[in-house]
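Have a look at the structure below, then the notes.
The values are calculated or read from the model by the stated rules, or taken from the named source; none is laboratory data. Source: prediction; values computed, not measured. Positions of Cβ are backbone-derived with ideal geometry, glycine not excepted, and every protein chain shown enters the neighbour counts.
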Amino acid sequence: MKKLKLKKKVKNLFILAIVLVVLIAVSTTMFLKYQKEKEYEKTYEYKLLDIGYEKNQVNDILKTFKDKEIDYILTKEVSNNYLELSKTKYFIYDKFYQYVDYLEKNKNKNLRDIVEIVNTNTDKDYYTDTTKTDIDKKYLMLVNKYHYLEESYTPESLVSIPPTYSYGEYGSQKATEDTYNAFLNLWNASHEAGFYLMVNSSYRTYAEQQEVYDDYRRSGGEDYADSIAARPGYSEHQTGYTLDVFEKGYSQKDFETSDSYNWLKENAYKYGFILRYSKEKENITGYSFESWHIRYVGIDAAKVIYENNITFDEYYAYFVK
Ligand SMILES: [Zn+2]
């Protein structure tokens, strides 16, 4: 009898042990699962899904943005704008908040316009937030209404453009040597096509630009002067990489009606020149269309600018800076 009782006791203990083991195992598993869930809830993936992004969008966001920007995105309503924005041509990651800020104030604008405007600083008023341009960029230096040259800046290696190709006395028209050499190539090609280009204006000193600007200001006021001339220090002509050219027999104003202009428009880039102030980009360059104003930027840059129909201002922000 005693033996049987003992056996039963052992059996009970054994069952109890098994129950305990199972209980411990189950609760441990549940605890680990709970812990894992808690950990997962801390991830960006969970948080983004939780506020309503779809799985593929989440993957895209995680691939595209850094922590700081994801934290920012999490504070905002679910929107595809951020992803679309990041995929917009010429999107510059460092300008993310500027884009978003400008987008919020201009909800009717498309994303490409937003990117273009912010890249070229035109979300700000002209002549505000200005910086001294980086002259070490040489023929890729940017001079516009936000980037200026100091009064003392004079280009190295200025050469005179002979009267064969320019108006005025010998020595009155100058450009940097690389600009002049490229211009000769352009001139020869245009001449072969049956045209005769003449340089009407080229390198201009700070003081000369001051005169030009002041003349316009006196006759039509500051807004008028700003719309057609650069303020001193802000003129590309001071770089020595800029030429105003037009066909012999034409005035500067009606050059745009000539075949020569059409040729120049389609071929200048092959020789490293761009038409700097085009008709369709007036809002970006801040200048009224100038059919005659060409800028030497080198063949590589000129090709990209021509083929993508962007301004030098945007090229600089995306490729040079
Ligand atoms: Zn000009």
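Structure notes:
- Restricted to segment 230-263, and to residues there that are of a type in the set (A, V, I, L, M, F, W, C) and within 14 Å of the ligand (Cβ to nearest atom), the residue that is farthest from LEU149 (Cα to Cα) is PHE255.
Every residue, every condition in (1) outside the structural domain of LYS253 (by TED's automatic domain parsing); (2) in a helix (DSSP H, G or I); (3) within 16 Å of the ligand (Cβ to nearest atom), yes or no:
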position: SER291; (1), (2), (3): no, no, yes
position: ILE294; (1), (2), (3): no, no, yes
position: ALA301; (1), (2), (3): no, yes, no
position: ILE310; (1), (2), (3): no, no, no
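- Considering residues of segment 287-321 that are modelled with pLDDT of 95 or more and basic (Lys, Arg) only, the residue surrounded by the fewest Cβ atoms within 10 Å (Cβ to Cβ): LYS303
- Within segment 172-193, the set of residues being without any contact (Cβ under 8 Å) to a residue 60 or more places away in the chain and more than 23 Å from LYS138 (Cα to Cα) comprises ASN188, HIS191, GLU192.
- At least 2 residues being under 30 Å from VAL115 (Cα atoms) and polar (S, T, N, Q) is the threshold, and among the helices (runs of 4 or more DSSP H) wholly inside segment 8-88 those reaching it are 55-64, 81-86.
- Failed item, numbered, when GLU169 is tested on (1) outside the structural domain of ILE274 (by TED's automatic domain parsing); (2) farther than 19 Å from SER235 by Cα: (1)
- Selection status of ILE284, closer than 15 Å to VAL143 by Cα, within 16 Å of the ligand (Cβ to nearest atom) and at pLDDT 95 or above: no
- Checked against the criterion of being of a type in the set (Lys, Arg) and without any contact (Cβ under 8 Å) to a residue 24 or more places away in the chain, segment 143-160 contains not a single residue that satisfies it.
- Flag for SER219 being surrounded by fewer than 21 Cβ atoms within 10 Å (Cβ to Cβ), away from the ligand (no atom under 16 Å from the Cβ) and either modelled with pLDDT under 95 or of a type in the set (Ser, Thr, Tyr) (or both): yes
- Positions within segment 263-321 being acidic (Asp, Glu) and in contact with a Leu (Cβ under 6 Å, 6 or more places away or on another chain), in sequence order: none
- ALA268 falls short on exactly one of the conditions (1) at pLDDT 95 or above; (2) under 24 Å from TYR213 (Cα atoms); (3) within 15 Å of the ligand (Cβ to nearest atom), and that condition is (2).
- The lone exception for TYR277 - which of (1) under 17 Å from TYR315 (Cα atoms); (2) within 11 Å of the ligand (Cβ to nearest atom); (3) in contact (Cβ under 8 Å) with a residue 40 or more places away in the chain it fails: (3)
- Qualifying residue in segment 71-78 (condition: surrounded by 14 or more Cβ atoms within 10 Å (Cβ to Cβ) and under 30 Å from TYR315 (Cα atoms)): yes
- Total residues in segment 185-216, condition more than 16 Å from the ligand (Cβ to nearest atom) and exposed (fewer than 13 other Cβ atoms within 10 Å of the Cβ): 6
- Of all residues in segment 192-210, those satisfying the criterion of being among the aromatic types (Phe, Trp, Tyr) and more than 21 Å from TYR261 (Cα to Cα) are TYR203, TYR206.
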